[in-house]
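Here the structure is laid out as structure tokens; the discussion comes afterwards.
The values are calculated or read from the model by the stated rules, or taken from the named source; none is laboratory data. The structure presented is a predicted model; accordingly, all values stated were derived computationally and were not measured. Cβ placement follows ideal geometry from the backbone for every residue including glycine, while neighbour counts extend to all protein chains displayed. Remember, those area values only see protein heavy atoms, side chains included, never the ligands or the DNA or RNA. Shrake-Rupley method; radii C 1.70, N 1.55, O 1.52, S 1.80 Å.
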Amino acid sequence: MSLKTLKSKIRAIADWPKKGIVFRDITPVLENAQTFQQLIDALAKPYSKRKVDMVVGVDARGFILAAALAYKLKTGLAIVRKAGKLPRKTIKKNYALEYGKNTLEMHIDSIKPNQRVLVVDDLLATGGTIKATLDMVKKLGGKIIEVLFFIELKDLKGRRKLRGQKVRSLIKF
């Protein structure tokens, strides 16, 4: 199965969660065992021979991809959540997204200084969520080796907020 096939399985949902937004629904890829395995294999391939200490997954769909990648790469998994969802002491970062504002949190002991970190999310849009995540990982002393996405929405120019980082996306719209 090719990346073209994976791309064809992503549904475009107009006006969700707000009018004017086209939501990219990845659940058809996840629901099919073959396409889900192909996706994780394709995402993991560039890191199979690289040292990765920790995979960081971003709330919420990023958790799905990051957990599978952490398993495949034999690393730990750290999570970044929306405010108020983590039980221990956290660091916080406010950010803007394409249709509002939000706050992200991460446990202060999730990342150890100098750990080699792969940050993973399902989609790069305006870059606000990932920029906030990167800021927290850096504050905790993590060394970001790359930022990885399943999908990138090129027209929203999220890469601009990620200058200085290696960014990889599997599929672009």
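Descriptive notes on the structure:
- Cβ-Cβ contacts under 7 Å between residues 6 or more apart (or on different chains), taken from a first residue in region 10-25 that is in contact (Cβ under 8 Å) with a residue 40 or more places away in the chain to a second residue that is aliphatic (A, V, I, L, M) and in a loop (DSSP other than H, G, I, E, B), are listed as ILE10/ILE26; ARG24/ILE10.
- Restricting attention to region 136-173, the residues that are β-branched (Val, Ile, Thr) and farther than 22 Å from LEU77 by Cα total 1.
- Matching residues in region 33-64 - criterion: being out of contact with any Lys or Arg (no Cβ under 6 Å at 6 or more places or on another chain) and closer than 22 Å to LYS112 by Cα: TYR47, SER48, LYS49, ARG50, MET54, VAL55, VAL56, GLY57, VAL58, GLY62, PHE63
- In region 138-160, the residues that are closer than 23 Å to GLN115 by Cβ, free of Cβ contacts under 8 Å to residues at least 40 places away in the same chain and open to solvent by 90 Å² or more (accessible area, probe 1.4 Å): LYS138, LYS143
- Test for LYS101: is it open to solvent by 50 Å² or more (accessible area, probe 1.4 Å) and modelled with pLDDT under 95: yes
- Checking each residue in region 120-141 for being at pLDDT 95 or above and farther than 19 Å from ALA83 by Cβ picks out VAL120, ASP122, LEU123, LEU124, LYS138, GLY141.
- Given (1) open to solvent by 60 Å² or more (accessible area, probe 1.4 Å); (2) at pLDDT 95 or above; (3) closer than 26 Å to ALA132 by Cβ, index of the condition ARG11 fails: (3)
- Breaking point among (1) in a strand (DSSP E or B); (2) under 13 Å from the mean Cα position of the chain (by Cα), for MET106: (2)
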